[in-house]
Amino acid sequence: MMHLSYDQQITLIKRLVAPLHVDEIDAGYLAAVVTHSDFTGTYSHGLSRLCIYLRQYMAGALQAQPDFRCVKDQDASLAFDCGGGSGIAAVNRVYDAVLERARKYGVAAGVGRNSANIGCGGFYGHRMAEDNVIGIVVSNTYPCQAPFGGADRLIGTNPIILGCPTTNPNRPIVIDVSTSGVAIGKVQAYRRENKEMPPDWANDYDGNPTTDPHVAYCVRPMGGHKGYGLAVFVDMFGGVLSDALTSPEIPFVEDMQPEKTGFAVILLDIAHFIDVDRFKEHASLYASMLKNSRTATGVKEIFMPGEIEARLMEERKATGNDYSDALVAELTDLARQIGAIGPDGAITDLLA
């Protein structure tokens, strides 16, 4: 078992990617988003997912020094080629550019192609709240769910992220959902730990529900046909509009090939529509009405979207976070391969 503080995890990630010569700005974004993921309880995109990123860098599937550039600039609309680098860094870089235009025009949008996995989407929702904007981020991913009623893997988990501020900076309203019932990273985490999955997470090769992560072939769409429909439109925004690959064309992460995914960032600057403080007060009043409404039998508390994760972040920033022996062993092996530590070194050596 390994125990890390928030700052220790940030340091660990930066020092892990340093021997790979990852761009310093990209490394900072990578550390921030991966750590946010673990400290909000989204383990599928925390250090568990970092293991995959490290392998991708070593295999050349992710570029350590990507040629990130704007390929189309039409005032409030922007398009970028992300150069095959970290999708986490790419979304944050595009977000920065879109935010600048939203401040000027009120509404702005940007798309990115030649990208990769964007990590924990909740991070971008928190950015929106901190910047007093309301917005949406979508990204397509490699195929791991079937069309509703189908059995072939043709659609990604294709997440949708939204965020906005309230009067409490530690309690923004944030939603980060995959259009599948669960992220594929959760299935991978259960496979690593050799644990049985809940029965509604995944199907086997023939489309039958399974609890065995080792035979899981497709994750199931969120809400059946509804999640399937949303996943299709994420591919329209993130893939087709950005001129990226669509989910059926994206290589599986195990192939260690450039993902060439796409994403879209749309931001509305609240101040262009309404006084920011008035917006926050109304949003908080709305949240209060929901939270203080009658609970169903057996339910103790109603939560706003993102509230549970925000509470976990506060708790774990104070106490630190624990990581399993299996994950520590995998990270240690990768750190030795990269040259971040010696052949007999421990992963905690990077914190010295």
*Using helices alone, what [θ] at 222 nm do you get for the chain, with -39,500 (n - 2.57) per DSSP H run of 4 or more residues, divided over all residues and rounded to the nearest 500?*
-12000 deg cm²/dmol
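So with the 1.4 Å probe, I'd like the accessible area per residue for segment 1-135, rounded to whole Å². Don't skip to the answer; put the middle values down first.
Working: 4710 Å² over 135 residues.
Accessible surface, normalised per residue, equals 35 Å².
Tell me, what is the per residue accessible area of segment 258-348 in Å², probe radius 1.4 Å? Please list the in-between numbers first.
Working: 5320 Å² over 91 residues.
Normalised by residue count, the accessible surface of segment 258-348 is 58 Å².
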*Percent of C-alpha pairs per 5 Å bin, segment 256-332, short to long*: 3, 10, 9, 11, 14, 15, 15, 10, 9, 5, 0
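Give the range of the longest stretch in the chain that excludes all chymotrypsin sites (Phe, Trp or Tyr not before Pro) found in loop regions by DSSP and having at most 14 other beta-carbon atoms within 10 Å.
So the longest stretch without any such site is 1-204.
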*Once the Cα gyration tensor of segment 1-152 is diagonalised, what are the square roots of 5 times its eigenvalues, in whole Å and ordered largest first, as equivalent ellipsoid semi-axes?*
25, 19, 18
*From phi via Karplus (6.51, -1.76, 1.60), per-residue ³J(HN,Hα) for segment 284-295 in Hz, x at Gly/Pro*: 5, 4, 4, 4, 4, 4, 5, 5, 8, 6, 4, 8
_Taking the chain and dividing mean pair separation by its residue count, relative contact order in percent (alpha carbons under 8 Å, at least six apart)_ = 22 percent
*Among residues other than Thr167 whose Cβ falls under 12 Å from its Cβ, what is the net charge (Lys/Arg +1, Asp/Glu -1)?*
+1
*Just need log10 I(q)/I(0) for the chain at q = 0.09, 0.10, 0.15 Å⁻¹, Debye formula, equal scatterers on the alpha-carbon atoms, no solvent, rounded to two decimals.*
-0.49, -0.61, -1.41
*If you roll a 1.4 Å probe over segment 1-100 with all protein chains in place, what percent of the accessible area is carbon or sulfur?*
48 percent
*What's the center-to-center distance, using Cα atoms, between segment 261-326 and segment 159-192 in Å?*
11 Å
*Sorted by accessible area (1.4 Å probe), largest first, how do Val138, Val177 line up?*
Val177, Val138
_Projected label distance in nm at Ile175 and Tyr286, using a 7 Å step from Cα toward the beta-carbon_ = 1.1 nm
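Could I get the Rg over Rh figure for segment 191-343? Both from C-alpha atoms, Rh via Kirkwood, rounded to two places.
Ratio of gyration radius to Kirkwood radius for segment 191-343: 1.03.
Based on the alpha-carbon gyration tensor of segment 73-191, what equivalent-ellipsoid semi-axes (square roots of 5 times the eigenvalues) come out, in whole Å, largest first?
Values: eigenvalues 143, 69, 30 Å².
Taking √(5λ) for each Cα gyration eigenvalue gives 27, 19, 12 Å.
Please say if segment 151-240 is rounded, prolate or oblate, where rounded means a/c under 1.5 for a ≥ b ≥ c the square roots of the C-alpha gyration tensor eigenvalues, and otherwise the choice is prolate for a/b larger than b/c and oblate otherwise?
Working: a/c = 2.67, a/b = 1.48, b/c = 1.80.
In terms of gyration-tensor shape, oblate.
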_I'd like the projected area of segment 238-295, averaged over all directions, using the convex hull of its alpha carbons. Report it in nm² with one decimal._
8.0 nm²
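The values are calculated or read from the model by the stated rules, or taken from the named source; none is laboratory data. All figures in this text were calculated on a predicted structure; none of them were measured in a lab. Virtual Cβ from ideal backbone geometry, glycine too; neighbours counted across all protein chains shown. In case anyone asks, the SASA skips ligands and DNA or RNA and just uses the protein heavy atoms, side chains included. Shrake-Rupley method; radii C 1.70, N 1.55, O 1.52, S 1.80 Å.
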